[in-house]
Amino acid sequence: MALKKKPVTGMNDMMPREMEIRDYLIQMIKDTYKTFGFQSMETPCVEHIENLCSKQGGDNEKLIFKIMKRGQKLKIDEAKEENDLADSGLRYDLTVPLARYYANHANELPSPFKALQIGNVWRADRPQRGRFRQFMQCDIDILGEPGNLAEIELILATTAMLGKIGFQNFTVCINDRNILKSMAAYSGFQETDFDEVFIILDKMDKIGKDGVASELLELGYQKENVDTYLGLFDDITPDASGIRDLKAKLGEFLSDETADGMDFILSSVDAAKECDFRLKFDPTLVRGQSYYTGTIFEVVMDDFGGSVAGGGRYDRMIGKFTGQDTPACGFSIGFERIVMLLLENGFAVPGCGEKKAYLLEKRLPKEEVLRVLSLAKADREAGKQVLIVNMKKNKKFQKEQLAAEGYTDIAECYSD
């Protein structure tokens, strides 16, 4: 059987230029989030199949790379369904493993716990631009903080990091699952129908309000309910006053706690933000994961035409492990999408130091090689990046390649 030199579909080999950007970005993320008090932690890439299939990951649970049982535990002839053959799988996100981690180590961790986790995840998805089957996620989460300070800190930290990289023209959209439910209940929809209604609402930016109305009517919902529901979205301003106006319309359907909390988040973030971005109350924002229980948010970037970060509050996930609900809120950036944008825009990693190359003539005497090694050592001690390489026949082309790689000082070394 012939060996294949290309990577598996949906997975990429990383070239040196990309790795330079990825390494820089990871360090920037860690340094920035550390200033907000987040602490690095890590979970295994392999997770128990029961945890991955706990109905907390939405459609991601359909995309698990499952790992078969090993040795005597693997009994193919006795298997009645797929899960009888698998006892673990590659994690599809970092949130479910974090919930297990916290449930296992809560007594050893501070409260609240501000977690930073960076690592690869795997989904058997259809590859497309900015979407791969193996990709890196970068999450910050605050566990054990029931108040809106968690949301405020998460938004401020994430936007500060994006600003330091140099991103502009982005918008943080924010909503609350309780606002979504209140609007649907006010309009006459039954609670059992909420998820289906929200799935259609999530298409608003693609098919418009008329398209949403058409799909809801096709599913058999009453026209009166659909008209009332979609009418609520008219004239809602994307700011704190929009929330107050919506509260006045919904009355007892929307709690003061939810409305006041959203108002507090918007005003606090706008007052304390460290870079320039737009903050928008978006009542059509849904986010698909079923584990969200309150505030949800996304970062939309004009240059990308889609979201590059998202998250929200998930107060019931840890309770699945411990039997006791724990307040939790997180924000994840689309690491791969950000790297893609930086590559496409010709981003150059700043502060790399001067890069110097020594080209050695073939059969250079030992004494001369030792002299070059000594010079290179001194250059490195002075903060330079140094490459020592043998001179090729096509020296002109070799020097052009080195210049393209950022080597501004190229020394040619010949024997006397």
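Values in this text are rule-based calculations from the coordinates and carry no lab data. All values reported here derive from a predicted model rather than from experimental measurement. Reconstructed Cβ throughout: ideal geometry from the backbone, glycine too, with neighbour counts over all protein chains shown.
Counting Lys and Arg as +1 and Asp and Glu as -1, each charge on the Cβ, what is the dipole of the stretch 355-413 about the Cα centre in debye, to the nearest 20? The partial results should precede the final answer.
On the way: 14 positive and 9 negative charges, 45 e Å.
The calculation lands at about 220 debye.
Distant-in-sequence amide contacts of Thr293, defined by a placed amide H-H separation under 5 Å and a gap of 5 or more residues or a different chain, comprise Arg313, Tyr314, Asp315. Projecting the Cα atoms of Gly288, Gln385, Phe264 onto the dipole axis of the stretch 258-389, where Lys and Arg carry +1 and Asp and Glu carry -1 at the beta carbon, places Gln385 farthest toward the positive end.
In terms of other Cβ atoms within 10 Å, Arg126, Arg371, Arg100 run from fewest to most in the order Arg126, Arg371, Arg100. Please work out how many pairs of lysine residues in the stretch 355-413 are eight or more positions apart (or on different chains) and have Cα atoms closer than 14 angstrom. Taking the Cα cut-off of 14 Å, the pair count is 9. Among His105, His48, sorting on how many other beta-carbon atoms sit within 10 Å of each Cβ, with the fewest leading, yields His105, His48. In order along the stretch 172-184, the phi-based Karplus estimate (6.51 cos²θ - 1.76 cosθ + 1.60, θ = phi - 60°) of 3J(HN,Hα) comes to 9, 8, 9, 8, 9, 4, 5, 5, 4, 5, 5, 5, 5 Hz; Gly and Pro are listed as x. The charge dipole of the stretch 105-233, taken about its Cα centre with unit charges on the Cβ atoms of Lys, Arg (+1), Asp and Glu (-1) only, comes to about 700 debye. When you work out D = kT/(6 pi eta Rh) for the chain at 4 °C and 1.567 mPa s, using the Kirkwood radius from C-alpha pairs as Rh and the Stokes-Einstein form, the result is 52 µm²/s.
Could you sort 166-176, 240-250 so that the peptide with the highest average Cβ count within 10 Å comes first and the rest follow in order? Provide the component values of the computation, followed by the final result.
Numbers: 166-176: 19.1, 240-250: 17.1.
Ranking, from highest mean packing down: 166-176, 240-250.
Scaled to the globular estimate 2.2 N^0.38 Å, the Cα spread of the stretch 125-270, given as radius of gyration, is 1.22.
Taking a straight line from the alpha carbon of Lys203, these aspartates and glutamates sit under 12 Å away, with near neighbours fewer than eight places off in the same chain left out: Glu215. Check the straight Cα-Cα distances from Lys114 and name the aspartates and glutamates below 16 Å, setting aside those fewer than 8 residues away within the same chain. Within the straight-line limit of under 16 Å, Lys114 reaches these aspartates and glutamates: Asp31, Glu42, Asp139, Asp141, Glu145, Glu151, Glu153, Asp315. Karplus-based coupling profile of the stretch 396-402, in residue order and whole Hz: 4, 5, 4, 5, 5, 5, 5, with θ = phi - 60° in 6.51 cos²θ - 1.76 cosθ + 1.60 and x standing for Gly or Pro. Just checking the listed ones, Lys69, Lys273, Lys34: in the Gaussian network model of the chain with Cα springs under 10 Å, the one fluctuating most is Lys69.
How long are the semi-axes of the ellipsoid equivalent to the stretch 355-413, from square roots of 5 times the Cα gyration tensor eigenvalues, in whole Å, largest first?
Working: eigenvalues 65, 57, 6 Å².
With the √(5λ) rule applied to the stretch 355-413, the semi-axes are 18, 17, 5 Å.
Among the listed pairs Lys66/Lys273; Lys66/Lys320; Lys5/Lys30, a Cα-Cα separation exceeding 30 Å is found for Lys66/Lys273; Lys5/Lys30. Pairs of Cα atoms in the stretch 297-353 fall into 10 Å distance bins, from 0 up to the last occupied one, in shares of 20, 31, 24, 16, 9, 0 percent.
What FRET efficiency comes out for Gln222 versus Glu405 if R0 is 45 angstrom and r is the Cβ-Cβ distance? Round to the nearest 0.05. Could the numbers behind the result be given before it?
Numbers: r = 65 Å, r/R0 = 1.45.
My answer for the efficiency is 0.10.
Could you give the size of the charge dipole of the chain about its Cα centre, using +1 on the Cβ of each K and R and -1 on the Cβ of each D and E, expressed in debye and rounded to the nearest 20? Write down the numbers at each step before the final one.
On the way: 55 positive and 67 negative charges, 534 e Å.
Dipole of the chain, to the nearest 20 debye: 2560 debye.
Here's how it looks for Ile410: its modeled amide H is under 5 Å from those of Ala357, which are all 5 or more places away or on a different chain. Tell me, what is the FRET efficiency for Asp210 and Asp125 to the nearest 0.05, using R0 = 35 angstrom and their Cβ-Cβ distance as r? Result of the calculation: an efficiency of 0.70.
Over the Cα atoms of the stretch 208-303, the radius of gyration divided by the Kirkwood radius equals 1.00; this is the Rg/Rh ratio.
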